[in-house]
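Structure record follows, encoded as structure tokens.
The values are calculated or read from the model by the stated rules, or taken from the named source; none is laboratory data. None of these values were measured; they are calculated from a predicted model. Using ideal geometry, Cβ is built from the backbone for each residue, glycine included, and neighbour counts are taken over all protein chains shown. Surface areas here come from the heavy atoms of the whole protein model, side chains and all, with no ligands, DNA or RNA. Shrake-Rupley method; radii C 1.70, N 1.55, O 1.52, S 1.80 Å.
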Amino acid sequence: MKKFLTLTLAFAAALSLGIAEDEKGKGKGKGKGKGDPAKRAEMMIKKLDTDKNGTLSEAEFLAGPQAKKMTEAGKDPKKLFAARDKDKNGQLSKEELSAKPKGKGKGKGKGKGKGKGDAKPDAA
């Protein structure tokens, strides 16, 4: 009985230590596009803005990891830069970087959901 109790306590201690370590590590590591877009944009500018003017030029953007990943995937990062540069000044501001991209997404919907909300009939 003592062995069983000792093993049970050791297992419980190891389990709680593992959970504590897991909780401590949350929020660290590489993100996958989740979180506050403004904070991500701020961090991106802080990391890539070599001339420290508060915006990203096309050259600074193309030197970043996102552009490199796009290039490796066979996509043109210059198109992304141009699409994000709403005022067409050749610089990406924090607002432009944190704005939700418009255009084609990965969704397949046509704007009509199958939800259970209060729907209004289409005016056809």
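When only residues in the range 33-70 that are open to solvent by less than 70 Å² (accessible area, probe 1.4 Å) and touching a residue at least 40 places away in the same chain (Cβ under 8 Å) count, which is nearest to residue 83 (Cα to Cα)?
Among them, the one singled out is 56.
Can you confirm whether the range 89-103 contains a residue that is at pLDDT 95 or above and either over 24 Å from the mean Cα position of the chain (by Cα) or exposed (fewer than 10 other Cβ atoms within 10 Å of the Cβ) (or both)?
yes
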